Amino acid sequence: MKTRNIGQILYAILFTIIVPVGLWYWGYLTSRIVTWPAIQSPLLGISLVIIGFLLLLWGMWALFYFGQGLPMNAFPPKKYVVDGPYKLFKHPIYVGFAFIMTGYSLYIGASSLL
């Protein structure tokens, strides 16, 4: 396996597993020191998680289908994408992830993840 391929795989693991888990763990650790009032709304939370997940997947699909690449610097799309969710949002994957994190926070009632 080429060194470049190993680097791309490590990059993909970093941003698809390590960073999201790290953000969740940071929210868990700070939940004891953040004193904002927690808002708990399981129905709204689950709704935002589902919407965010679908938006995130739609954005990834659009980059793969229209851009002929993946949503990572290691596997960049060959074409600039302005179709699908990119007509609605400049960065639909980020927006989807923000919806997921906000929805999860509302679902469990954790103010440190908001």
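The values are calculated or read from the model by the stated rules, or taken from the named source; none is laboratory data. Everything numeric in this text was worked out from a predicted model, so none of it was measured. Note that we place each Cβ from the backbone using ideal geometry, even for glycine, and neighbour counts take in every protein chain shown. In case anyone asks, the SASA skips ligands and DNA or RNA and just uses the protein heavy atoms, side chains included. Shrake-Rupley method; radii C 1.70, N 1.55, O 1.52, S 1.80 Å.
Taking every protein chain into account, the accessible area of the stretch 1-75 amounts to 76 square angstrom per residue (probe 1.4 Å). Rounded to the nearest 20 debye, the dipole size of the chain about its Cα centre is 360 debye, using +1 on the Cβ of Lys and Arg and -1 on the Cβ of Asp and Glu.
Label-to-label distance for Arg32 and Phe66 is 4.7 nm, based on points extended 7 Å past Cα in the beta-carbon direction.
Hey, any idea what % of the chain's accessible area is carbon plus sulfur with a 1.4 Å probe? Mind showing how you got there, number by number?
Numbers: 5760 of 8050 Å².
Carbon-and-sulfur percentage of accessible area, whole number: 72.
Pairwise Cα distances in the chain exceed 25 Å in 34 percent of cases.
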